[in-house]
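Step one of this worksheet: look at the structure below.
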Amino acid sequence: MARFYFLQILFGMQYIHSKHIIYRDLKPENILIDADGNCKLVDFGLSKRVDSRSKTFSYCGSAEYMAPEMILRTGHSYGVDHYSLGAFLY
């Protein structure tokens, strides 16, 4: 079950990344499961639109799932979503 949910969230993130959006707030409270058992990402309030080569320096999200580059404010991009997904899976 964890693999199924992990992949659904990963595919959702790949889609929003293809639209040049960083989600930045992945946590259990922002993942809903519909009647068919599929995951839905909600609460795009902290999301940010960026181009594929730029970084952003804002500090936002939940500390438990936050990537080190965001905490250190060294600049972050799409990788923060992958880090948060790994922390969520763990």
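Bear in mind these aren't lab numbers, they're just calculated from the coordinates by the rules spelled out. Note that the structure is a prediction, hence the values are computed from the model and not measured. Here the Cβ positions follow ideal geometry from the backbone for every residue, glycine too, while neighbour counts run over all protein chains shown.
A few notes on this one:
- Taking a point 7 Å from the Cα of Ser54 along the Cα-to-Cβ direction, the residues of segment 17-31 with backbone N closer than 13 Å to it are 20-22.
- Segment 36-41 - phi-based ³J(HN,Hα) in whole Hz, Karplus 6.51/-1.76/1.60, Gly and Pro as x: 8, x, 9, 7, 10, 7
- Lysine pairs in segment 2-89 with Cα atoms under 17 Å, if 8 or more residues apart or on separate chains: 5
- The chain, relative contact order in percent, only Cα pairs under 8 angstrom and at least six apart counted: 32 percent
- Neighbour cut-off at most 15 other Cβ (10 Å), DSSP loop, trypsin sites (Lys or Arg not before Pro), segment 26-90: Arg53, Lys55, Arg73
- Calculated Cα Rg over 2.2 N^0.38 Å (choose from (1) 1.04; (2) 1.14; (3) 1.68), label: (1)
- Over the residues of the chain, the helix contribution to mean residue ellipticity at 222 nm works out to -10500 deg cm²/dmol, using -39500 (n - 2.57) for each DSSP H run of at least 4.
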